[in-house]
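Reviewing the structure listed below.
The values are calculated or read from the model by the stated rules, or taken from the named source; none is laboratory data. Just so it is clear, the structure is predicted and the values come from calculations on it, not from any experiment. Don't worry about glycine lacking a Cβ; one is built from the backbone with ideal geometry, like all the others, and counts go over all protein chains shown.
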Amino acid sequence: MKYVSTRGAAPVLAFGDVLLTGLARDGGLYVPESWPSLGPGALERFAEAEYPDTALEVMWPYVEDSIERDAFEAIVRDAYSTFDTPEVTPLYDLGDGLWLLELFHGPTLAFKDVALQLVGRLFDHELRRRGERVTIVGATSGDTGSAAIEACRDRESIEIFIFHPAGRVSEVQRRQMTTVGSANVHNVAIEGTFDDCQDLVKALFADQELRDRLHLAAVNSINWARVMAQIVYYVVAAAKLERGAAPVAFSVPTGNFGNVFAGYAAQRMGVPISQFVVGSNRNDILTRFLASGTMTIHEVHPTLSPSMDIQVSSNLERLLFELYGRDGAQVAELMLRFRAEGTVTIDPDRLALLREHWSGARIDDDATLRVIADVHRELGLLIDPHTAVGLGAARVLRRDRSVPMVVHATAHPAKFPDAVEQATGVRPPLPGPLADLLERPERYEILPAEPTTVKRYLEQVLAAR
Ligand SMILES: *Cc1c(COP(=O)(O)O)cnc(C)c1O
């Protein structure tokens, strides 16, 4: 499989290069040149299969030019052995044809582990093959940092630096990052906001000399390999529920659009998916876009579901590329206009096409708390606020009650204990392996939001390693 940019003007690359490259040189995102098909009978077979076996079959066409089958198989099996259940992403029956797909059984209790446990290992494999090392730098408002650290810790070819805004992430989120003792992991609390952290990362990447000398790299959610890994659980859920004989619908609490775009990819590969519901919190750019065809940037408001507090959903560009018949020039024009003017509108025919399968709902904090409370009262089950946005949106927008609706449970409730306690009066305990998290020693640096200081720090740490 070769990969092309959504803006049509970057080199065509193989999987190994796409993995390490991130953003394409023309500012676009890499997508596969064509969508492989799962073939007849695949879902029936997957209904009985173990998760790693399905994962191997679903992902193989995307990687086959760049990695040996045995090596890939070993990486896939190792990645998913870190989950606390052999099912990896189990389904939970909510009744009335509604299901939760539990994506939080990985080491950091959020769905990002499903992709990053694989991507960390793929990075390491590809770098060793090339005899190269990289310095991963990333900014986090919470979940991504811990999942990236957990995926990259103790890997020989990787140093990882994660910047979080000092005092602005929850204690559980901070400790999941700062209690990792590995020598290649470096946490920095930046005296500033998440935006300051992101600006620092951008400043590091913009310094071309530094970027080349330190081999800077990113594992952010525009990386194709992350999307690829997320296709698998759509296939698994559809296979288990209907064996490919009937359609399934999905509702996905959405931020950067990476997770729900993986559902689109699954659909293109042949999974019968009749409906995608995109759940948003008060930051509802996607709800407005799916209703009107106009995408307009507003300011970001903090909410109870912070991993979805986002202005621009980068991965939406991949869906627009398909909607525009894979015409990179048109996508480039659209995205540049959006960046320049803060707003862009697609034509009514394209909007109608999109709305055949896609719709979005906004679930604000009050509604989120009500969903958490309802589920607890009715089923005795605790769900996290992101999951609640997905479930709330599913209830509003579900089209056909005879079709199973699968809601993505993207985080364990113990990751957001304050919101869960506010809604239910019950504070969810951390699961076994993390039970002593609050007693573990922490290790992190505190630095001002100042590029020169941060660069000097990076160089000092790397020189000492
Ligand atoms: C990252 C995240 C999301 C949003 O996923 P996207 O792929 O960015 O749309 C939703 N819920 C949780 C808990 C997350 O960590």
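Output the residue which, of all residues in the range 28-63 that are within 30 Å of Leu336 (Cβ to Cβ) and aromatic (Phe, Trp, Tyr), is nearest to the chain's Cα centre (by Cα).
Selected residue: Tyr30.
Working only within the range 25-43, note down all residues that are loosely packed, with under 14 Cβ neighbours inside 10 Å and within 20 Å of Ala225 (Cβ to Cβ).
Selection gives Arg25, Glu33, Ser34.
Scan Ala262, Ala266 and give me the residue that is away from the ligand (no atom under 13 Å from the Cβ), assigned to a helix (DSSP H, G or I) and crowded, with 22+ Cβ neighbours inside 10 Å.
Only one candidate qualifies: Ala266.
Could you grab the pairs with beta carbons closer than 7 Å, sequence gap of 6+ or different chains, first residue in the range 301-326 and touching a residue at least 60 places away in the same chain (Cβ under 8 Å), second one of a type in the set (D, E, K, R)?
Matching pairs, first to second residue: Thr303/Arg282; Thr303/Asp309; Thr303/Asp365; Leu304/Asp365; Ser307/Asp143.
Looking at Val278 and the list (1) within 16 Å of the ligand (Cβ to nearest atom); (2) assigned to a helix (DSSP H, G or I); (3) in contact with a Gly (Cβ under 8 Å, 6 or more places away or on another chain), which single condition is not satisfied?
(2)
Which of the residues that make up the range 149-163 are touching a residue at least 60 places away in the same chain (Cβ under 8 Å), touching a Gly at 6+ places or on another chain (Cβ under 6 Å) and farther than 18 Å from Gly131 by Cα?
Correct list: Ala151 only.
Looking at the range 104-150, which of its residues are of a type in the set (A, V, I, L, M, F, W, C) and within 12 Å of the ligand (Cβ to nearest atom)?
Phe104, Leu109, Ala110, Phe111, Val114, Ala115, Leu116, Ala147, Ala148 - these are the residues of the range 104-150 that are of a type in the set (A, V, I, L, M, F, W, C) and within 12 Å of the ligand (Cβ to nearest atom).
Please find, within the range 277-292, the residue that is farthest from Thr368 (Cα to Cα) out of those that are surrounded by fewer than 24 Cβ atoms within 10 Å (Cβ to Cβ) and under 20 Å from the mean Cα position of the chain (by Cα).
Checked the range 277-292; the qualifying residue farthest from Thr368 (Cα to Cα) is Ile285.
Return the total of residues in the range 109-145 being among the hydroxyl-bearing types (Ser, Thr, Tyr) and either touching a His at 6+ places or on another chain (Cβ under 6 Å) or at pLDDT 95 or above (or both).
The total comes to 2.
Ser182 passes all but one of (1) more than 27 Å from Thr254 (Cα to Cα); (2) within 13 Å of the ligand (Cβ to nearest atom); (3) hydroxyl-bearing (Ser, Thr, Tyr); which number fails?
It is condition (2) that Ser182 fails.
Determine whether the range 285-300 contains at least one residue that is more than 29 Å from Glu33 (Cα to Cα), within 13 Å of the ligand (Cβ to nearest atom) and modelled with pLDDT under 95.
No; the residues of the range 285-300 include none that is more than 29 Å from Glu33 (Cα to Cα), within 13 Å of the ligand (Cβ to nearest atom) and modelled with pLDDT under 95.
When you go through (1) over 24 Å from Met177 (Cα atoms); (2) away from the ligand (no atom under 16 Å from the Cβ) one by one for Glu421, which number turns out not to apply?
(1)
Starting from residues that are more than 17 Å from Val389 (Cα to Cα) and in contact with a Gly (Cβ under 9 Å, 6 or more places away or on another chain), keep the ones in the range 306-317 and report whichever is farthest from the ligand (Cβ to nearest atom).
Looking at residues that are more than 17 Å from Val389 (Cα to Cα) and in contact with a Gly (Cβ under 9 Å, 6 or more places away or on another chain), I get Glu317.
Kindly indicate the residue of the range 390-411 that is in contact with a helix residue (DSSP H, G or I) (Cβ under 6 Å, 6 or more places away or on another chain) and within 24 Å of Thr108 (Cβ to Cβ) and also farthest from the ligand (Cβ to nearest atom) among those meeting that condition.
The extreme case among them is Val406.
Without any contact (Cβ under 8 Å) to a residue 24 or more places away in the chain and within 19 Å of Val235 (Cβ to Cβ) - does that describe any residue in the range 85-94?
Within the range 85-94, one or more residues are without any contact (Cβ under 8 Å) to a residue 24 or more places away in the chain and within 19 Å of Val235 (Cβ to Cβ).
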